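Okay, so here's the structure we're looking at.
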Amino acid sequence: MSAVTVIYALLFYIATAILVIGVVRKIFIYARTPQPLKIPTTPAPTTRLGVAARMVREVTVFESLFKSNKWTWLFGWIFHLCLFVELIWHLRYFTEPVLFFLPWLQWFINFTGYGMVLGLLGLWGRRFLVDRVRYISNLSDHLMLALLVGIGASGLAMKFLFHTDIVALKAFFLGLMSFSLQPLPTDPALLVHLTLVATLMIIFPISKLLHAPGVFFSPTRNQVDNSREKRWVAGWSAAIDNTKKAAG
């Protein structure tokens, strides 16, 4: 077994553990964070069903971003849509036999890599061209965008410039899942791509990319606008009231 195979196997075991534990920990923190105020962004739904519909629109078509800035919405939506399709497509490396619906994505995959990079470059460009966005942008914002662009660009290089042995690559990842190491192809484009992906997995739990699960816990999005009909009592406040009543 080559040293490269062992190193990358250990890297992905560690990166996966950090990603899963870190994201679960953050979700647990989000779920336990008090929401002391009723602050849904208006106009807001007045029923739980309306809140669910609003959340679906928010995570699929980025409704609030569309209302805010059309160019940011366009680049952001293109990037996220292409990223989602690419993630689904990459399931072929972890399943045997391949899931029945994956061949249906074959045509879209010809464009999603370009769409990811184009969307990211558009989002990155606004951090230089828009004064108010440039003012609040820091080094970590640029490094995160550079990392994502690098992942997309190295993926395109693997597909169109340096053809990777896909069969051997799939065998490597299937071997990781069954704790049976298989040789990893060592072409440079693949190693760069895998290194960047593992880096993203490691830093994801401590990055701004946590808006992915965080949006579901945002009180401006997940609260019902019924403050006139029903008194809002935060969980921690109700616990204090109950303690006072018990003591009195």
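The values are calculated or read from the model by the stated rules, or taken from the named source; none is laboratory data. Here the structure is a predicted model, which means the values were calculated and not measured. No Cβ is skipped: glycine too gets one built from the backbone with ideal geometry, and neighbour counts run over all protein chains shown. Areas reflect the complete protein model, heavy atoms only, side chains present, ligands, DNA and RNA absent. Shrake-Rupley method; radii C 1.70, N 1.55, O 1.52, S 1.80 Å.
Quick notes on this one:
- Summed over region 1-46, residues that are under 24 Å from the mean Cα position of the chain (by Cα) and closer than 30 Å to residue 180 by Cα total 18.
- Test result for residue 185, open to solvent by less than 60 Å² (accessible area, probe 1.4 Å) and in contact with a Gly (Cβ under 7 Å, 6 or more places away or on another chain): no
- Region 172-182, residues that are open to solvent by 40 Å² or more (accessible area, probe 1.4 Å) and either free of Cβ contacts under 8 Å to residues at least 40 places away in the same chain or not polar (S, T, N, Q) (or both): 174, 177, 178, 179, 180, 181
- Of the residues screened, residue 196 is one that is modelled with pLDDT of 95 or more, part of a helix (DSSP H, G or I) and in contact with a Gly (Cβ under 7 Å, 6 or more places away or on another chain).
- Residue satisfying condition, being closer than 25 Å to residue 7 by Cβ and at pLDDT 95 or above, within set 153, 157: 153
- The set of residues from region 199-210 being of a type outside the set (Ser, Thr, Tyr) and either modelled with pLDDT of 95 or more or out of contact with any Ser or Thr (no Cβ under 9 Å at 6 or more places or on another chain) (or both) comprises 200, 201, 202, 203, 204, 205, 206, 209, 210.
- Tally of residues being within 20 Å of the chain's Cα centre (by Cα) and of a type in the set (Gly, Ala, Ser) across region 170-224: 5
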